[in-house]
Amino acid sequence: MPRTIAYTDIKRINYIINKCEVCYVGMIDTQGNPYVLPFNFGYENGLIYLHSGPEGKKIDSLRKNPCVCIVFSTDYVLRYTSENVACSYGMKFKSVLAYGKVEFVDNYDDKIRILNVIMKKYTNKEFSYNAPAVRNVVIMQIKVEQFSCRESGY
């Protein structure tokens with residue numbers, strides 16, 4: 001039976017988060033229902049950064065209830081014990097859950113800095129931004145209150 005290991009080591013957690021291209025943000029919508037969306041993200045010094053347009057269901061939901069659970073997962077590999085036994089199949093994976101509360105960032109200079117954290121993750125370079133774009137983008141910051149990390153099959 002493959003083993004699952006739980007980690008609290010921040011270096012391992014950072015490694016897994018930084019390896020991911022997308023995170024999934026779980027929240028509660030304005031009607032009290034679960035709501036999960038994929039996001040591009042930035043991550044730096046224990047802070048997760050997200051961006052969005054200024055309106056919509058996710059913004060309304062997060063303004064009403066800022067509590068989130070964010071999932072990062074990577075390194076999927078199909079494995080099996082016996083090729084002809086369906087129940088022996090499983091998936092290797094590495095994952096992190098991050099719990100926290102969304103804070104909306106309004107400061108213009110902070111928004112630019114955070115946009116560059118996000119863009120650097122995907123392009124490895126910094127950009128300049130025009131003022132209307134910066135004013136129109138919603139930047140969210142999540143200070144992680146708790147991490148949970150698992151590796152299965154590795």
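Just so you know, all these numbers are worked out from the coordinates, no wet-lab data involved. All of these numbers come straight from a predicted model, not from anything done at the bench. Neighbour counts are summed over all protein chains in view; Cβ atoms, including those assigned to glycine, are modelled from backbone coordinates with ideal geometry.
From the helices alone, meaning DSSP H stretches of at least four residues, give me the mean residue ellipticity at 222 nm for the chain, per-run term -39500 (n - 2.57), in deg cm²/dmol to the nearest 500. It lands at -7500 deg cm²/dmol. Between I59 and Y24, the simple spin-label model (points 7 angstrom out along Cα→Cβ) gives 2.6 nm.
Annotation for segment 6-64 versus segment 108-153: alpha-carbon center distance of 11 Å.
For the chain, the longest principal axis of the Cα atoms and the long axis of helix 10-19 meet at an angle of about 80 degrees. Against the longest alpha carbon principal axis of the chain, how many degrees, from 0 to 90 and to the nearest 10, is the axis of helix 108-123 turned? Helix 108-123 and the main axis of the chain meet at about 30 degrees.
Evaluate the relative contact order of the chain (contact order divided by residue number), counting alpha-carbon pairs under 8 angstrom at least 6 apart; express in whole percent. Reported as a whole number, the value is 32 percent. Treating only the Cβ atoms of Lys and Arg (+1) and Asp and Glu (-1) as charged, compute the dipole magnitude of the chain about its Cα centre; round to the nearest 20 debye. The dipole magnitude comes to about 220 debye.
Between N33 and E83, full extension at 0.36 nm per residue minus the direct alpha carbon distance yields a gain of 14.0 nm.
For a straight C-alpha distance cut-off of 27 angstrom, the lysines reachable from K11 (same-chain residues fewer than eight places away being disregarded) are K19, K92, K94, K101, K111, K120, K121, K125, K143.
Other residues within the sphere of radius under 13 Å centred on the Cβ of G100, judged by their own Cβ, net out at 0 (K and R +1, D and E -1). Estimate the FRET efficiency between I112 and K143 by the formula 1/(1 + (r/R0)^6), using the beta-carbon distance for r and 35 Å for R0, to the nearest 0.05. In this case the efficiency is close to 0.95. Rounded to the nearest Hz, the phi-derived 3J(HN,Hα) couplings of segment 70-79 under the Karplus curve 6.51 cos²θ - 1.76 cosθ + 1.60 (θ = phi - 60°) are 10, 10, 10, 8, 7, 6, 6, 9, 5, 9, where x marks glycine and proline.
How large is the convex hull of the Cα atoms of the chain per residue, expressed in Å³ as a whole number? If you can, show how the numbers build up before the last one.
Numbers: hull volume 20.5 nm³, N = 154.
Each residue corresponds to 133 Å³ of Cα convex hull volume.
Separation between the T74 and R135 pseudo-spin-labels, each 7 Å from Cα along Cα→Cβ, expressed in nm? Distance between the two pseudo-spin positions: 3.8 nm.
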